[in-house]
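Step one of this worksheet: look at the structure below.
Since every read-out is calculated from the coordinates, none of them should be taken as a lab result. Please read all numbers here as calculations on a predicted model, not as lab measurements. Note that each Cβ is placed from the backbone with ideal geometry, even for glycine, and that neighbours are counted across all protein chains shown.
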């Protein structure tokens, strides 16, 4: 029955395709059915299934999960408040009459607000509403508008402290712990803060190269008409940028926890919305209802993924998967190529949360056993996810942005418009893969797995500790 876990994954995929059921419903149903079958056949201990409620309660008590509703609430606020419009007008005005000014301003808005939106879908929705009419007025072609908005909406995948990074950091912590338990090594376990800091250099490179792509693409185009920015918009944009940069910088530097930043952002945005009159009673009720709906779906997915992975491991399929993966890739480089290719393939049919909660716990432990630099591995996965979301026609950012635009775009036009941004991400991915030190600019390189300490080394280290003086 060791291969039953693979049948579970196939059953979940088939059930979702045939019935159209939400992912969490399919995962819970299949997990319970296979768990019961395992108990009846003796392949799964009954005590393990009975312990599932306690396991779920323990996982849901994680303080980090408090950020989920807060980030969803912030994303809803940003979709309703006029802050993004004010920031865009200020950035576009600072860009002057350059033909690329509107598109670069859109990227700037994405870099600031995508991490606060919580998800790629929320970012794509907000940026489409804000940027589409303004890029259209600036004479940007429909396919180029779509590509710029889709690229900007993916920036929250690597710029902290987005919801994607928070959940991914927690998943990496668990995967790194499992890898150390298997190899019986001693090292500091990677945490969410390490993932935040490790992703920053790659995120900066992607953003700079995105802007360069826009400038080169717009070279020789029609010069933009300078945007008129009222004094009130300058003040709103300045305060918004300062507030967001302070929050993001505080989290990246370790002065603020992600939950604290999310709570602060949500509270300030709500007070501003109510005080300015942009958020009335009916709008606030609708926003709270939407927040509860989306948060409930995320927690349901979290519970379903935990149940699925528990039954998967109960059958021993995780050991089979590790053996298969390690047999196909005997070196860290080969392991990286194999695992990243599998994650990229999953990103064409799954969203970021499903990948983080289901795929990462299964694939990352064997990856970290063979390629033990956990921060480097985490950043590679994030860059692959970001690139996969831009891969036409099924990339999540492209698919969502294309569906929100009123224009009907041909696949060829979409591919040509997205190709420069996608190539940029692949260049950064190759650079990080070739130079692992890039991810350790802001995070120490002491999260690598090290050989187990011998008894003699342990004794020498204990003897080297100075004894306290006694009177």
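Numbers below:
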quantity: Solution diffusion estimate, µm²/s, Stokes-Einstein, region 110-266, Kirkwood Rh from C-alpha pairs, 25 °C, viscosity 0.890 mPa s; calculated: 139
quantity: 0 to 90° range, to nearest 10: angle between helix 258-276 axis and the chain longest Cα axis; calculated: 30
quantity: Values of log10 I(q)/I(0), in the order q = 0.21, 0.22, 0.24, 0.30 Å⁻¹, for region 381-432 under a Debye, Cα-only, solvent-free model; calculated: -0.72, -0.77, -0.88, -1.17
quantity: At q = 0.17 Å⁻¹, base-10 log of I(q)/I(0) for region 180-269 (Debye sum, equal scatterers on each alpha carbon); calculated: -1.00
quantity: Gyration tensor (alpha-carbon) shape descriptor, region 1-63, a/c threshold 1.5; calculated: oblate
quantity: Using alpha-carbon coordinates, inclination of helix 281-314 to the longest axis of the chain, degrees; calculated: 30
quantity: Estimated 222 nm signal from helices in the chain, with DSSP H stretches of n ≥ 4 weighted -39500 (n - 2.57), rounded to 500; calculated: -24000 deg cm²/dmol
quantity: Cα-based helix-to-principal-axis angle, 101-117 vs the chain, degrees rounded to 10; calculated: 40
quantity: Burial order of peptide ranges 248-261, 161-174 (average beta-carbon count within 10 Å, highest first); calculated: 161-174, 248-261
quantity: Theoretical gain in end-to-end length, residue 427 to residue 43 [0.36 nm per residue, Cα-Cα removed]; calculated: 133.6 nm
quantity: Cα centroid separation, region 381-441 to region 146-163 (Å); calculated: 10
